[in-house]
Amino acid sequence: MTALDFAAETMRRRTFAIISHPDAGKTTITEKLLLFGGAIQMAGTVKGRKSTRHATSDWMAMEKERGISVSSSVMQFPYKDHIVNLLDTPGHEDFSEDTYRVLTAVDSALMVIDVAKGVEARTIKLMDVCRLRDTPIISFINKMDREGKEPLELLDEIESVLKIRCAPITWPIGMGKRFKGVYHLYEDRVILYGPSLPTRAQSKTEIKGLNNPELDELLGDQADELRMEIELVQGAADTYDHDAYLRGELSPVYFGSAMNNFGVQELLDGFVEAAPGPQPRPSTAREVLPTEDKFSGFVFKIQANMDPQHRDRIAFFRICSGKFSRGMKVKHVRLNRDIKIPDALTFMSSDRERLEEAFPGDIIGIHNHGTIRIGDTFTEGERLAFTGIPNFAPELFRRARLRDPLKSKQLLKGLSQLCEEGATQLYKPMINNDLILGAVGVLQFEVVSERLKTEYSVDCQFEQVNVTTARWIECDDPKRLEEFKDKNEANLALDHAGDLVYIAPTRVNLQMAQERWKDVRFLATREHG
Ligand code: GDP
């Protein structure tokens, strides 16, 4: 492959995630995007595929029951001249950490908003995360087939609540029962939709030019209404500014109805055109450019037992530079060791496949046998670590209580493996044999308990424990660290990765410890460098 081919492969990647409040239509739109990408032939198979893969697992049943998507995954599909990598994010707020890390692995995001509900709580939080890295955001106003807020009002709401300027690219023709299609403001064409078909084909009519008399024939009174509205919009709304979009300051906005397949193709066309390709990434040593020929990337997510039959743990790895080829040897920077990756997975179309090569922007799945952690960097030799992929100290703590004491080995194994995923943290106190689980949301304990049962055959419950907060401990002076360990044994534990953690019964206790040991660092987030 020539350098030019490599650059072209890299620049045609589009790696993004969908952010939205639950129920706004993320799943539906994902399904339609895959449909347009030719990844699936019939609509309605995304959820179906997930549930057949996990048919035997009660845990997935629980997920379905609660209507939340917990296990985020990656989907790759070709569209026009591009290769699109769509990273799914869990919708429930108890999984916000996972979402946070997924967002570190994308180059842009698609924000889906329900036209009736407007900007909702989760959208605000996710937008805050995107703002940390100035991630470019395209917006899709969904469910236009229902009565909702006036479009201009909604744009105002996005601008004032989310603090991002909005530039409509398409404009809806009517709303609710009168929703007929969209007008493309920059291409001066009207797209009218007929009833949607479950396959890729859909009946739509395109009319060139807002003043085309055909429009009056097809829309009647609504044609003049549309013309007046467009005049108003062109005066009132921001115009699209590509650089402002790339800086994360302005969001191009599309309207439609994902369920009916209205406006989705216009969105996808606009997305692959405007969205940035793989971006440079900060590391401990320097900024790494996607076009560099040496391979590098980082792990942003680990998922245990994706395939319950094989008990596998997959590390999701974002390629930042260079080409990946199957069987290649890379440096595992944290361990300072060379490892071979013989059997990476791709996430193309309907199932996981073995992969021959992959490019910057792509996500590959690497089998984890316990040596890979979230945040780990692999390179072709250079000692650098990508930054900004943290673990967060949990705020809720429970002690694992086992029904059958003979299963304690199995329990430890299950907890250690599930904690690799990063949503929960395991603490083993220095002074006893307790297993304490920390999480950011209550739902996590239920999920872990359920997964221990179905994936590890361990019946375990979680009970209250006298821990309020936890901090990872670091100290540059080894002697001082030993002293600290001696004096604080009762409050110290090791996490599942073997790192030292201070577990505090109260915030006051933590504060006092911090004041007493000024040369010891108490960290609320952990990053590996
Ligand atoms: P998610 O929680 O964001 O993944 O949302 P889903 O895609 O599961 O959609 C939530 C609900 O809204 C489902 O019942 C969908 O059928 C429905 N829905 C999605 N898109 C549309 C749409 O364009 N119009 C209408 N009326 N309903 C929709």
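The values are calculated or read from the model by the stated rules, or taken from the named source; none is laboratory data. All of these numbers come straight from a predicted model, not from anything done at the bench. Note that we place each Cβ from the backbone using ideal geometry, even for glycine, and neighbour counts take in every protein chain shown.
Of the residues that sit in the stretch 262-284 and are of a type in the set (D, E, K, R) and away from the ligand (no atom under 16 Å from the Cβ), which one is surrounded by the most Cβ atoms within 10 Å (Cβ to Cβ)?
The initial filter retains those residues of the stretch 262-284 that are of a type in the set (D, E, K, R), namely 266, 269, 273, 281.
Of the ones still in play, those that are also away from the ligand (no atom under 16 Å from the Cβ) are 269, 273, 281.
Values: ASP269: 17, GLU273: 11, ARG281: 24.
Among residues in the stretch 262-284 that are of a type in the set (D, E, K, R) and away from the ligand (no atom under 16 Å from the Cβ), the one surrounded by the most Cβ atoms within 10 Å (Cβ to Cβ) is ARG281.
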Name the helices (runs of 4 or more DSSP H) wholly within the stretch 121-230 that hold at least 3 residues that are in contact (Cβ under 8 Å) with a residue 40 or more places away in the chain and within 16 Å of the ligand (Cβ to nearest atom)? 121-132
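Can GLY370 be described as in a helix (DSSP H, G or I) and free of Cβ contacts under 8 Å to residues at least 60 places away in the same chain?
Numbers: in a helix (DSSP H, G or I): no; free of Cβ contacts under 8 Å to residues at least 60 places away in the same chain: yes.
No: the conditions fail for GLY370.
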List the pairs whose first member sits in the stretch 244-261 and is more than 16 Å from the ligand (Cβ to nearest atom), whose second member is hydroxyl-bearing (Ser, Thr, Tyr) and part of a loop (DSSP other than H, G, I, E, B), and whose Cβ atoms are under 8 Å apart, counting only residues at least 6 apart or on separate chains? GLY248/THR135; LEU250/TYR240; PRO252/TYR240
Determine which single condition HIS242 fails, assuming it passes every other condition in (1) closer than 26 Å to SER325 by Cβ; (2) out of contact with any strand residue (DSSP E or B) (no Cβ under 7 Å at 6 or more places or on another chain); (3) not acidic (Asp, Glu). (1)
What are the residues in the stretch 436-453 that are crowded, with 19+ Cβ neighbours inside 10 Å and either among the aliphatic types (A, V, I, L, M) or more than 19 Å from ASP495 (Cα to Cα) (or both), if any? ILE436, LEU437, ALA439, VAL440, VAL447, VAL448, ARG451, LEU452
Matching residues, the stretch 366-395, being among the hydrophobic types (A, V, I, L, M, F, W, C) and within 23 Å of the chain's Cα centre (by Cα): ILE366, ILE372, ILE374, PHE378, ALA385, PHE386, ILE389, PHE392, ALA393
I need the full set of residues from the stretch 409-426 which are assigned to a helix (DSSP H, G or I) and touching a residue at least 12 places away in the same chain (Cβ under 8 Å), in order please. GLN410, LEU411, LEU412, LYS413, GLY414, LEU415, SER416, GLN417, LEU418, CYS419
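Return the only residue of THR424, THR377 being hydroxyl-bearing (Ser, Thr, Tyr) and more than 19 Å from ALA304 (Cβ to Cβ). Let's see the steps before the verdict.
Numbers: THR424 fails: more than 19 Å from ALA304 (Cβ to Cβ).
When all the criteria are applied, what remains is THR377.
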Within the stretch 101-117, restricting to residues that are within 11 Å of the ligand (Cβ to nearest atom) and either touching a Pro at 6+ places or on another chain (Cβ under 9 Å) or part of a loop (DSSP other than H, G, I, E, B) (or both), the one that is farthest from ARG133 (Cα to Cα) is ALA116
I'd like to check something: does the stretch 31-39 contain any residue that is within 16 Å of the ligand (Cβ to nearest atom), assigned to a helix (DSSP H, G or I), more than 27 Å from GLU120 (Cα to Cα) and modelled with pLDDT of 80 or more? yes
